[in-house]
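Q: Before anything else, here's the structure in question.
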Amino acid sequence: MIERADFLARFGGVFEHSPFIAERALDAGTVAEPLTAAGVHAALTAVFRKATPDEQMGVLRAHPDLAGKLAIAGELTEDSRREQAGAGLDRLSAEEHARFTALNSAYTQKFGFPFIIAVKGLTKDDILAAFETRIDNSAQEEFETAKTQVERIALLRLTALLPGD
């Protein structure tokens, strides 16, 4: 039997600062034991996809800027800190940091949410290239792309939480 408090403590943050995703998946009865990354991801993703556009936007807006103010202040979630550090975003030159800051501002102003990309396996140069390409997307195209990236981040986080799957 899946214990609600344990499940929510363990998986409530898989979708950045959006525990309602895990709560709804559990309440819907779509999470089954044994818990696997694929199974939990399918349940959480189904909830995310059924969420209202406003709720989905809230999930996107809960993500931090890449190499942004929260990173500098040391206020990222542990998952976000580890992910950004793995891509070298904690070791940017002053010029690189200025470029990320300018892109973060322009992107957020255009789309209303921060640039989101699953950074695992990417370098800072890969991320900058994606940033510079995606900023030219339409609002709807980028909303869909960002949601896909959020789902990928969730899968990567679940794979780390449920190794051996």
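The values are calculated or read from the model by the stated rules, or taken from the named source; none is laboratory data. Computed from a prediction, not measured in an experiment: that's the story for all the values here. Positions of Cβ are generated from backbone atoms using ideal geometry, with glycine treated the same way; all protein chains shown enter the neighbour counts. SASA here: full protein model, heavy atoms, side chains in, ligands and nucleic acids out. Shrake-Rupley method; radii C 1.70, N 1.55, O 1.52, S 1.80 Å.
Q: Tally up the residues in segment 33-49 that are over 19 Å from Thr145 (Cβ atoms) and open to solvent by 70 Å² or more (accessible area, probe 1.4 Å), please.
A: 2
Q: Which numbered condition in (1) outside any helix (DSSP H, G or I); (2) surrounded by fewer than 20 Cβ atoms within 10 Å (Cβ to Cβ) is the only one that His63 fails?
A: (2)
Q: While we're looking at this one, here's another question. What are the pairs, 6+ residues apart or on separate chains, where a residue within segment 8-34 that is without any contact (Cβ under 8 Å) to a residue 60 or more places away in the chain has its Cβ under 7 Å from a residue that is outside any loop (DSSP other than H, G, I, E, B) and open to solvent by 50 Å² or more (accessible area, probe 1.4 Å)?
A: From segment 8-34, the pairs are Leu8/Glu23; Leu26/Arg4.
Q: Identify the single condition in (1) surrounded by fewer than 16 Cβ atoms within 10 Å (Cβ to Cβ); (2) farther than 19 Å from Val14 by Cα; (3) hydrophobic (A, V, I, L, M, F, W, C) that Ala160 does not satisfy, given that it satisfies every other one.
A: Going through the list (1) surrounded by fewer than 16 Cβ atoms within 10 Å (Cβ to Cβ); (2) farther than 19 Å from Val14 by Cα; (3) hydrophobic (A, V, I, L, M, F, W, C), Ala160 breaks only (2).
Q: Further question: Which count do you get for residues in segment 126-141 that are assigned to a helix (DSSP H, G or I), open to solvent by less than 60 Å² (accessible area, probe 1.4 Å) and in contact (Cβ under 8 Å) with a residue 12 or more places away in the chain?
A: 5
Q: Mind telling me which of the residues Lys110, Lys69, Lys124 ends up being farther than 27 Å from Ala38 by Cβ and modelled with pLDDT of 95 or more?
A: Residue meeting the stated conditions: Lys110.
Q: Between residues in segment 37-66 that are small (Gly, Ala, Ser) and residues that are open to solvent by 30 Å² or more (accessible area, probe 1.4 Å), which pairs lie under 7 Å by C-beta distance while being six or more apart or on different chains?
A: Sorted first by the residue in segment 37-66, then by its partner, the pairs are Ala37/Leu155; Ala37/Thr159; Ala37/Asp165; Ala38/Asp165; Gly39/Ala32; Ala43/Thr30; Ala46/Thr30; Ala62/His17.
Q: If you don't mind, there's one more thing I want to ask. Return the residues of segment 1-54 that are within 18 Å of Leu156 (Cβ to Cβ), among the polar types (S, T, N, Q) and in a loop (DSSP other than H, G, I, E, B); say none if nothing qualifies.
A: Hits for segment 1-54 are Ser18, Thr36.
Q: What do you reckon, is Phe113 open to solvent by less than 10 Å² (accessible area, probe 1.4 Å) and assigned to a loop (DSSP other than H, G, I, E, B)? Step through it out loud before you land on a result.
A: Working: open to solvent by less than 10 Å² (accessible area, probe 1.4 Å): yes; assigned to a loop (DSSP other than H, G, I, E, B): yes.
Criteria met by Phe113.
Q: So which residues in segment 86-110 are touching a residue at least 12 places away in the same chain (Cβ under 8 Å) and in a helix (DSSP H, G or I), if there are any at all?
A: Gly86, Glu96, His97, Arg99, Phe100, Thr101, Leu103, Asn104, Ala106, Tyr107, Thr108, Lys110 - these are the residues of segment 86-110 that are touching a residue at least 12 places away in the same chain (Cβ under 8 Å) and in a helix (DSSP H, G or I).
Q: Please verify whether segment 73-83 includes one or more residues that are under 16 Å from the mean Cα position of the chain (by Cα), of a type outside the set (Gly, Ala, Ser) and modelled with pLDDT of 95 or more.
A: First pass over segment 73-83, keeping only residues under 16 Å from the mean Cα position of the chain (by Cα): 75-83.
Filter once more, keeping what is of a type outside the set (Gly, Ala, Ser): 75-79, 81-83.
Then drop every residue that is not modelled with pLDDT of 95 or more, which leaves none.
No, segment 73-83 contains no residue that is under 16 Å from the mean Cα position of the chain (by Cα), of a type outside the set (Gly, Ala, Ser) and modelled with pLDDT of 95 or more.
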